[in-house]
Amino acid sequence: MKPKVIAIANQKGGVGKSTSVYNIGAGLALNGKRVLLVDVDPQGDLTKMLGQRKPHEMPVTLANCMNNVVAGDTGRDHPEILHHKEGFDYVPGNRCLSAVEVSLVNVMSRETVLKRYIDSVKKDYDYVLLDCRPSLGMLVINALSASDYVLIPVQADYLAAEDMTELLGTVAQVKRQINPQLKVGGIFLTMTNDTNFRKDIVQAVRQNFGQHFPVFQTVIPSTVRLAEISTADKSIFKHDPHGKAAKAYADLVKEVQGIGEKQRGKPFDIGR
Ligand SMILES: Nc1ncnc2c1ncn2[C@@H]1O[C@H](COP(=O)(O)OP(=O)(O)OP(=O)(O)O)[C@@H](O)[C@H]1O
Ligand SMILES: [Mg+2]
């Protein structure tokens, strides 16, 4: 299949972006897909979750690749691509990305540096997932410019309409000015506390955003099992395979695999 590049973005911190990138990636790999996860966040949280305890000491990361693109070289050997034991590849990220983000100010075509790197590696994959930092700065613009779709995790008890409007505005702007391909693949709720309220919350999100954007059916529950992932060196499918979080992420993975499939309806267009 043609590779799909998907950014997971929300400028609000701690809504479950990195946790979702890891588990969606692991779930896609379990379903036989070829997957590359890319840590586009200077915090290096995804890199840590994937078992690299000291991301800031890693010599070869996404930062090197972006610097190489700026210097006119997308590379051939790709020593930055590492293999994870759960059957997917990943490109680590660390705080050097902050310096890259600052330096992009002086670079021509600064919004598409990451895209040029991703375009050089994506042919080997079905899915490339980009974990974004909690901001709407140049690294996130780069991730959106490189992507076919953006997934937006929203924390269930924090339905920040203003934040969402700002994020969706940025998405629309990137689509208009840089990347006409870009679509919202889906908004999904994370860290819901009480499953009894699930329907109400989903309905509220649908009312606010559902007219213009797809809202996934799946809701990710709040559970310590998922919080444990960050130090367990395992995805939820290995850590607690029969628990509700594994079931939820398996369902979410199915919805992600449905993105762009005609029979499931077209992802909504934006910013016409
Ligand atoms: N569904 C969940 N239930 C309980 N804890 C969760 C859940 N999802 C993530 N967490 C925990 O919440 C914290 C934030 O999650 P995560 O790092 O995935 O968010 P993020 O959006 O990537 O954060 P940032 O904006 O800083 O990059 C982490 O400690 C994580 O282990
Ligand atoms: Mg994160």
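Quick note: the coordinates plus some simple rules give every number you see, no bench work behind them. If you're wondering where the values come from, they're calculated on a predicted model, not measured in any experiment. Here the Cβ is made from the backbone with ideal geometry for all residues, glycine too, and neighbour counts use every protein chain on show.
Here is what passes the span test in the chain: the DSSP H helices with alpha carbon length of 18 Å or more along the helix axis and a Kyte-Doolittle mean of 0.5 or above are 17-30. Scaling the Cα radius of gyration of region 4-261 by the globular reference 2.2 N^0.38 Å produces a ratio of 0.95. Using the Cβ-Cβ distance between Q217 and H56 with R0 = 45 Å, the FRET efficiency computed as 1/(1 + (r/R0)^6) comes to roughly 0.70.
Here the spin labels are modelled as points 7 Å beyond Cα on the Cα-Cβ line, and at H242 and R34 they lie 3.6 nm apart. Taking other residues whose beta carbon is less than 11 angstrom from the beta carbon of G44, and scoring Lys, Arg as +1 and Asp, Glu as -1, yields 0.
Work out the FRET efficiency for H78 and K254 from their Cβ-Cβ distance, taking R0 = 41 Å, and round it to the nearest 0.05. E(calc), rounded to 0.05, equals 0.85. Sorting 118-128, 14-24 by their mean Cβ neighbour count within 10 Å, with the most densely packed peptide first, gives 14-24, 118-128. Looking at region 4-261, the DSSP beta bridges with both ends there are about 10 percent antiparallel. The alpha carbon gyration tensor of region 1-49 gives principal lengths a ≥ b ≥ c with a/c of 1.5 or higher and a/b greater than b/c, which makes the shape prolate.
Applying both filters, DSSP loop and at most 12 other Cβ atoms within 10 Å, to the trypsin sites (Lys or Arg not before Pro) of region 44-101 gives R53, R76, K85. With a threshold of 21 Å on the Cα-Cα distance, the over-threshold entries among K48/K175; K54/K115; K54/K85; K48/K234; K115/K234 are K48/K175; K54/K115; K115/K234.
Modelled this way, with points 7 Å down the Cα-to-C-beta line, the labels at A232 and Q173 are 3.9 nm from one another.
Computed over the chain, the per-residue total of -39500 (n - 2.57) for DSSP H runs of n ≥ 4 gives a 222 nm mean residue ellipticity of -11000 deg cm²/dmol, rounded to 500.
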